[in-house]
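Encoded as structure tokens, the structure appears first; notes follow it.
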Amino acid sequence: MDAKQLLKLMVESEASDLHIKVGEPPSVRVSGQLQKLDCPALTVEDAQGLAATLVPARLRKSFDAKNEADFAFSVTNVGRFRVNAFHQRGTICMAIRRVLGKRVDMGELMLPAVVKNLAEENRGLVLVTGTAGSGKTTTLAAMIDHINKTRNSHIVTIEDPIEVLHKDNKSVINQREIGIDTETYSGALKHVVRQDPDVVLIGEMRDLDTVSAALTAAEMGTLVLSTLHTIDASETINRIIDFFPTHQHRQIQLMLASTLRGIVSMRLLPKIGGGLVPAVEVMVVTQTVRELINEGKYAQLREVIEQGEYYGMQSFDQSLILLYQSGQIGLEDALAMSANAHDFKLKIRQLGIEYPSIQEA
């Protein structure tokens, strides 16, 4: 089976990921679950052939030398994909993720309405966080698309690699890819303020230089959108501050308090009937949140989030309750994703939601 056939099969099975490994049949991840395809086990030659087809010519020497490569590509009438090619035990492996590769309407993603409001901010820092595969890239793409349709802005994206392709609408969009258009995130950010941006998207804040440049750009009046691999608002703020030396922590607290506009944290859960649905925590930076950041009282943020419905805020538990109450997720999955299973069941009872499954869990 050639690369195009495998990718078509991946799309037809509505898989999010495809795994290539020598000695095993290809595997796909459907609705969060990994399963092997009904195909022969891949040989060394099969894997080498797939790599020769998929790894771009510009990366082949680097892949041969370093044994790993990240890239994205599109296949006509099939889709767009992000790939990590690597070696294990001397043989080639690949993890291939299907990405939308097209503009996404925010309404399709079942996100809280306040996420659109955050995309409409004129300046400051907005972060989308979560584990790998939780929907961060898709959410950011939807936010960029919303800005593109509603504002006359100059949008600069810095991505590794570019996943979703955007066309100019009301805005002018320049998408820069690490390794092709620029060397590093931090290197691109050093120059981005001279490119007259209104909005800057940073694919991932992964090191001190990138975080520092992002905060500086936000402080200078640009709307900066980015991601972190953190699970909630409190951990996100801690992670950002911990990028810096201890003697700078107070300064970074002040910068965050003045520039941060909101944090959207995401987790995907199996949806009853098939597919996945996002549970979303949203923190909007109000004066109370700003004061807690200034004072380093991050542990108190969850309580403020739960009490911040007026501003569009919601905690993960509140999101899980809404999903459970509407019949989109099962109790077992809700409990597994909640901050505290016992407290979650109490919250359900307090809302008058009584089902026999609560007693059984």
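The values are calculated or read from the model by the stated rules, or taken from the named source; none is laboratory data. What you see is a predicted model; the values in this text were computed from it and never measured. We place every Cβ from the backbone using ideal geometry, glycine too, and count neighbours over all the protein chains shown.
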> Within the set of pairs 6+ apart or on separate chains, which have a first residue in the range 341-354 that is among the small types (G, A, S), a second that is assigned to a helix (DSSP H, G or I) and surrounded by 10 or more Cβ atoms within 10 Å (Cβ to Cβ), and C-beta atoms under 7 Å apart?
Replying inline: A341/L335
>> Could you check the range 236-248 and list, in sequence order, the residues that are assigned to a helix (DSSP H, G or I), in contact (Cβ under 8 Å) with a residue 12 or more places away in the chain and either among the aromatic types (F, W, Y) or surrounded by fewer than 20 Cβ atoms within 10 Å (Cβ to Cβ) (or both)?
In response: N238
> Are any of the residues in the range 38-47 part of a strand (DSSP E or B), over 19 Å from P161 (Cα atoms) and out of contact with any Cys (no Cβ under 6 Å at 6 or more places or on another chain)?
Replying inline: yes
> If you check A57, A113, A95, A52, which single one turns out to be within 20 Å of the chain's Cα centre (by Cα) and loosely packed, with under 13 Cβ neighbours inside 10 Å?
Replying inline: A113
> What are the residue pairs meeting all of these: first residue in the range 140-151, first residue of a type in the set (D, E, K, R), second residue modelled with pLDDT of 95 or more, Cβ atoms under 7 Å, and 6 or more apart or on different chains?
Replying inline: K149/N169; K149/K170; R151/K170; R151/S171
>> Tell me yes or no: at least one residue of the range 3-16 is touching a Pro at 6+ places or on another chain (Cβ under 6 Å), outside any strand (DSSP E or B) and surrounded by fewer than 16 Cβ atoms within 10 Å (Cβ to Cβ).
In response: no
> Does the range 319-337 include one or more residues that are outside the structural domain of G32 (by TED's automatic domain parsing) and within 30 Å of R123 (Cα to Cα)?
Replying inline: yes
>> I'm checking my understanding of the structure. Among residues of the range 335-361 that are modelled with pLDDT under 90 and assigned to a loop (DSSP other than H, G, I, E, B), which one is surrounded by the fewest Cβ atoms within 10 Å (Cβ to Cβ)?
In response: G352
> Given the conditions (1) within 21 Å of E108 (Cα to Cα); (2) assigned to a helix (DSSP H, G or I); (3) polar (S, T, N, Q), which single one is not true for S265?
Replying inline: (2)
>> Every residue in the range 277-334 that is over 19 Å from G352 (Cβ atoms), touching a residue at least 60 places away in the same chain (Cβ under 8 Å) and in a helix (DSSP H, G or I), please.
In response: Y298, A299, L301, R302, I305, Y311, F316, D333
> Is there a residue in the range 63-72 that is assigned to a loop (DSSP other than H, G, I, E, B) and under 16 Å from the mean Cα position of the chain (by Cα)?
Replying inline: no
>> I'd like the full set of residues that are in contact (Cβ under 8 Å) with a residue 40 or more places away in the chain and in contact with a helix residue (DSSP H, G or I) (Cβ under 7 Å, 6 or more places away or on another chain), limited to the range 40-67.
In response: L50, T53, L54
> Looking only at strands (runs of 3 or more DSSP E) that fall completely inside the range 124-231, which ones have 2 or more residues that are modelled with pLDDT of 95 or more and under 23 Å from T286 (Cα atoms)?
Replying inline: 124-130, 199-202, 223-228
>> Can you find, within the range 75-92, the residue that is farthest from the chain's Cα centre (by Cα) among those that are in contact (Cβ under 8 Å) with a residue 60 or more places away in the chain and not in a loop (DSSP other than H, G, I, E, B)?
In response: T91
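Residue-wise test of (1) of a type outside the set (D, E); (2) over 21 Å from K116 (Cα atoms).
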| residue | (1), (2) |
| --- | --- |
| D160 | no, yes |
| V164 | yes, no |
| H191 | yes, yes |
| D196 | no, yes |
| E204 | no, no |
| V211 | yes, yes |
| L215 | yes, yes |
| L223 | yes, no |
| R239 | yes, yes |
